[in-house]
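Below you'll find the structure, written out as structure tokens, and then a few comments.
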Amino acid sequence: MKRPRVQKLTWVSTVCIVTVLFVLLGTHVAVPLSDAPSPPVPAPSPAIAPPPLPSEALPPLRAHPLPPTLARWHSPDASGDYFDQIRPTPLGYLVWFEFPVKVYIEPASSGVTPDRSQVWVQLVQQAVREWSEYLPLTLAATPAAADIQIWRTTPSLGRGRARSAETRYEFFVRRSDHAPPKIVQRLTITLRPGLADVQILAAARHELGHALGIWGHSPLETDALYYSQVRTPPPVSSRDVRTLRRIYEQPTRLGWPVP
Ligand SMILES: [Zn+2]
């Protein structure tokens, strides 16, 4: 079967978890910095460039069917959600429409500290398993086969500062001989390797929440998508899942045939 052809679009946006400042006492202080998602880049005119889509308009905004995992999820409480903190992308809400979503995790290295990289991989895999309860996810063998790529590297802010993690999306037009073209997304997560185990897991959980569509932050530290690091990171909360479900009820141009 011929591989689908893809055409890269121009919108790229990033969201980070926290900036970690290293201080002399050997501890680190986590401060939110530019932690809010980057504001959506206004759509240029024409809306997609370069190269422009030849005489093609964008698909209309429509909601996809709610994934069964979210449809059958029963909320255990009435703790609300933080949907009002979520921003749509220039193409609508960042929802996945083909399942399972394929996740590539950078393999453990065979270098000087293979044990630490193995632990990192195991913790990221745990975060993937946690979110799999709410959206079907599977591991991909190669980056090219993945919808979400997770890399063991440190996003840099320069001037000696480093983020713990960052999530970035890109849009593509996917063309094939068997289906009309669609606009699809690819998410890239970079996740710092040198954190304590509990923080690696928390950061992976948090960034995966972004990659699955939660493009914003919770104001409550009891949610996995809280905007900053906390000493005792919470699991995925019912507020996180309720917010995710509301996002998946929203319209998007992603995944619909380009007219
Ligand atoms: Zn974040």
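The values are calculated or read from the model by the stated rules, or taken from the named source; none is laboratory data. In this text the structure is predicted, and so the values were computed from the model without any measurement. For neighbour counting, all protein chains shown are included, and Cβ atoms are generated from backbone atoms with ideal geometry for every residue, glycine included.
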Per the filter on region 217-242, residues more than 13 Å from the ligand (Cβ to nearest atom), of a type in the set (D, E, K, R) and not in a loop (DSSP other than H, G, I, E, B) are Arg239, Arg242
Apart from one, (1) closer than 19 Å to Gln122 by Cα; (2) part of a loop (DSSP other than H, G, I, E, B); (3) touching an Asp or Glu at 6+ places or on another chain (Cβ under 8 Å) all hold for Pro193; the odd one out is (3)
The condition of being exposed (fewer than 15 other Cβ atoms within 10 Å of the Cβ) and among the charged types (D, E, K, R) holds, among Asp147, Asp177, only for Asp177
The correct count of residues that are surrounded by fewer than 18 Cβ atoms within 10 Å (Cβ to Cβ) and closer than 19 Å to Val198 by Cβ in region 92-107 is 0
Out of curiosity, is Tyr169 surrounded by 15 or more Cβ atoms within 10 Å (Cβ to Cβ) and under 26 Å from Ala71 (Cβ atoms)? yes
Within region 126-185, restricting to residues that are part of a strand (DSSP E or B) and free of Cβ contacts under 8 Å to residues at least 12 places away in the same chain, the one that is farthest from Asp240 (Cα to Cα) is Gly158
Filtering region 63-88 for residues that are outside any loop (DSSP other than H, G, I, E, B), touching a Ser or Thr at 6+ places or on another chain (Cβ under 9 Å) and hydrophobic (A, V, I, L, M, F, W, C) leaves a count of 2
Flagged pairs (Cβ under 7 angstrom, 6 or more apart or on separate chains; first in region 198-212, more than 10 Å from Trp120 (Cα to Cα); second modelled with pLDDT of 95 or more and within 11 Å of the ligand (Cβ to nearest atom)) are Arg205/Ala224; His206/Ala224; His206/Leu225; Glu207/Ile189; Gly209/Ala224; Gly209/Leu225; Ala211/Ile189
Based on this model, can you work out whether Ile214 counts as assigned to a loop (DSSP other than H, G, I, E, B), buried (at least 23 other Cβ atoms within 10 Å of the Cβ) and within 18 Å of the chain's Cα centre (by Cα)? yes
Within region 216-242, residues being over 18 Å from Leu137 (Cβ atoms) and in contact (Cβ under 8 Å) with a residue 60 or more places away in the chain number 13
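Would you point out which residue out of Gly213, Gly194 is away from the ligand (no atom under 12 Å from the Cβ), in contact with a helix residue (DSSP H, G or I) (Cβ under 9 Å, 6 or more places away or on another chain) and either among the basic types (Lys, Arg) or at positive phi (or both)? Write out each step before concluding.
Values: Gly194 fails: either among the basic types (Lys, Arg) or at positive phi (or both).
The conditions single out Gly213.
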